[in-house]
1. In whole Hz, with x marking every Gly and Pro, tabulate ³J(HN,Hα) for the range 261-277 from phi via Karplus 6.51 cos²θ - 1.76 cosθ + 1.60, θ = phi - 60°.
2. Under 30 Å Cα to Cα from K11, which lysines show up? Leave out anything in the same chain fewer than 8 places away.
3. How would the range 1-102 be classified by its alpha-carbon gyration tensor: rounded, prolate or oblate, with rounded meaning a/c under 1.5 and the a/b versus b/c comparison settling the rest?
4. Sorted by average packing, counted as other Cβ atoms within 10 angstrom per residue and highest first, what order do 79-88, 227-236 take?
5. If packing is taken as the mean number of other Cβ atoms within 10 Å per residue, what is the order of 268-276, 181-189, highest first?
6. List every residue whose amide H lies under 5 Å from the amide H of T35, counting only residues 5 or more places away in sequence or on a different chain, with H placed 1.01 Å from N in the peptide plane.
7. Show me, for the range 61-78, the HN-Hα J-couplings you get by feeding each phi into the Karplus relation (A = 6.51, B = -1.76, C = 1.60, θ = phi - 60°), rounded to Hz, glycine and proline as x.
8. Please give the calculated 222 nm ellipticity per residue for the chain, where each DSSP H segment of at least 4 residues contributes -39500 (n - 2.57) and the sum is spread over every residue; nearest 500 deg cm²/dmol?
Amino acid sequence: EKGGYASFMLKEIAEQPKAVADTLLGRIDGAGRLTLDEVRIPGAVLREADKVVIVACGTAFHAGLIAKYAIEHWTRIPCEVELASEFRYRDPILDQRTLVIAISQSGETMDTLMALRHAREQGAKVLAVCNTNGSTIPRESDAVLYTHAGPEVAVASTKAFLTQLVACYLLALYLGQVRGTQWGDEIHAVVRDLARIGDDVERVLETMEPVRALARSLADKDTVLFLGRHVGYPVALEGALKLKELAYMHAEGFAAGELKHGPIALVEEDLPVVVVVPSPRGRSVLHDKIVSNIQEIRARGARTIVIAEEGDDAVVPYADHLVRIPATPTLLQPLVATVPLQVFACELATARGNEVDQPRNLAKSVTVE
Ligand code: M6R
């Protein structure tokens, strides 16, 4: 069943290019328009929505954090992202004009289910982004956009995460299309970028040997920190979550801009710090800021593991280890930047003798609150 791989997780990491392509399949017509027929929420409701609220747990929550950037950028609708387990206990403000997006691989996560029930009771429309046909969350939602990752067996979510991102990008563009904030050409450009991203993920996978060697060399460490900015921040959170659940190590993700507000006190000689670097093209301010962050932590002895675009030379002098990813538009970068972090966590856990498909204390779907 593992198709020659040592674990389901490795198999599922390798399946990501196909999972991404499958999730795009049939959702763009010959004229380059998005045809999300499954989004059965009437156009009028989508046009009138004045707020988007995303609820999810764990890795799906990280996909939601990234989706927020895309939704707000492409639609200009304010978007909040909340952990499903916190959502209903704070008496959230919801009404008929709120579009709630519930993201869940399994479709059975109890916290997410309770959050969407609460939202519907308040009159909000709920759209599920889900990987499991006919599961409870899509059945109880107004509409569903399925991710086509195929069954995900390993407890640590990998290919489901990438397809959740793809589904959220499509949804954001579709909302823009319906509301008229995004026009043909812009949608085409992003769709073109999305269409080739499976190949980029494949290229990343082909170059992972040094990441594996690095992971093995860090097997006796206690702590690894992850830093990012903009969409790289949720990628950092996801990298840290993978390491916690698989390697049972202390791992934390921070927004790089927060360093000076506390976390930099953690930096000591030889502490591994993974930094996700935004593209130097486009939003170059972000890029320059993170290069100074790398300099700051390195000056304090950190061992810097830098994930940066091909051709980004500015980071070279400050990177103890450099992991190259293909040049990708900023909003889509998480699709390629997350992959080395998955491989890193999987290899490090294996080196520590852990069972990667079934980490201790965890279940694939959490059906209790
Ligand atoms: O099935 P779901 O997407 O609703 O699951 C949510 C989380 O339990 C899940 O992503 C969890 O955090 C993973 N083990 C992370 O790898």
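1. 8, x, x, 5, 5, 6, 6, 9, 3, 6, 6, x, 10, 8, 10, 8, 9
2. Within the straight-line cut-off, K11 pairs with K2, K68, K159, K221, K242, K244, K364.
3. Details: a/c = 2.73, a/b = 1.37, b/c = 1.98.
Oblate shape, in that a/c is at least 1.5 and b/c is the bigger or equal ratio.
4. 227-236, 79-88
5. 268-276, 181-189
6. I28, D29
7. 5, 5, 4, x, 4, 6, 4, 4, 4, 5, 5, 5, 5, 8, 10, 6, 8, x
8. -14000 deg cm²/dmol
The values are calculated or read from the model by the stated rules, or taken from the named source; none is laboratory data. Since the model is a prediction, treat every value here as computed from it, not as a measurement. Here the Cβ is made from the backbone with ideal geometry for all residues, glycine too, and neighbour counts use every protein chain on show. Note: accessible area is taken over every heavy atom of the protein model, side chains too, but ligands, DNA and RNA are not part of it. Shrake-Rupley method; radii C 1.70, N 1.55, O 1.52, S 1.80 Å.
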